[in-house]
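The values are calculated or read from the model by the stated rules, or taken from the named source; none is laboratory data. Computed from a predicted model, the values in this text were never measured in an experiment. All Cβ positions, glycine included, derive from the backbone under ideal geometry; neighbour counts span all protein chains shown. These accessible areas exclude ligands, DNA and RNA; they are computed on the full protein's heavy atoms, side chains included. Shrake-Rupley method; radii C 1.70, N 1.55, O 1.52, S 1.80 Å.
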Amino acid sequence: MNPFFTLLDPEFAHNLGVSAAARGWVPREKRPDPSIIGLEVWGRKFSNPVGLDAGFDKNAVAVDGLLALGFGFVEVGSVTHVPQDDNPKPRIFRLRKEGCGFNSEGIVVVAKRLGAQHGKRKLDETSSSIASSNSEIKHGGKAGPGILGVNLGKNKISEDAAADYVQGVHTLSQYADYLGELNKVSSQNGPEESANQTDGNKLSS
């Protein structure tokens, strides 16, 4: 598959990968992780320490498919307060650099999507519940078998970064096991984000 993807535009290939994961057109890891590689952080049990960082699934469209690949956690985002289409294209480059920026559908869209996924997951768990050993260690969190993180970002046109983050925490924390980048408002993805280091220092103090 790799030679095929190298012939495609990088952003198209990226979106194709996200769409494939969202539709379940990716391999599913059915073997349980060895208990020796499991770990617990802040009360959350990770089946393994290998995860997918924010930037791949920016709008939480493929959480279940990505977790099914075998990741111990998946972090979506960055999610901005309101929708924005960030850096102009071309903005994804192979190997050398990545400059997509915080192009995001916004917290309302992402919250609705995560809420629908959460409801479907709970329904599936209820309908297929089977008595299991009480001694069995259950890994995972709000995303079922895996840990779900949400990475928050500020809009480049925002005049109040703190308010953006407060709204993001209030709206998305009910669906996430952890929230990322709360003390790192700056980003090298674009000039507007890079200029916001001062705001980041204020938030982290």
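Pairs under 6 Å by beta carbon, first residue under 15 Å from Asp177 (Cβ atoms) and at pLDDT below 90 in the range 33-55, partner of a type outside the set (Lys, Arg) and surrounded by 16 or more Cβ atoms within 10 Å (Cβ to Cβ), six or more apart or different chains?
Arg44/Gly141; Arg44/Ile147; Arg44/Asp177; Lys45/His139
Looking at (1) open to solvent by 30 Å² or more (accessible area, probe 1.4 Å); (2) in a loop (DSSP other than H, G, I, E, B); (3) under 24 Å from Leu152 (Cβ atoms); (4) not β-branched (Val, Ile, Thr), which is the only condition Arg31 fails?
Of (1) open to solvent by 30 Å² or more (accessible area, probe 1.4 Å); (2) in a loop (DSSP other than H, G, I, E, B); (3) under 24 Å from Leu152 (Cβ atoms); (4) not β-branched (Val, Ile, Thr), only one is false for Arg31: (3).
Which residue, of Val76, Val110, Val18, is in contact (Cβ under 8 Å) with a residue 24 or more places away in the chain, in a helix (DSSP H, G or I), in contact with a Leu (Cβ under 8 Å, 6 or more places away or on another chain) and closer than 30 Å to Ser158 by Cβ?
Being in contact (Cβ under 8 Å) with a residue 24 or more places away in the chain, in a helix (DSSP H, G or I), in contact with a Leu (Cβ under 8 Å, 6 or more places away or on another chain) and closer than 30 Å to Ser158 by Cβ holds for just one of Val76, Val110, Val18, which is Val110.
Any chance the range 62-71 includes a residue that's out of contact with any Lys or Arg (no Cβ under 8 Å at 6 or more places or on another chain) and at pLDDT below 90?
Checked against the condition, which is being out of contact with any Lys or Arg (no Cβ under 8 Å at 6 or more places or on another chain) and at pLDDT below 90, the range 62-71 yields no hits at all.
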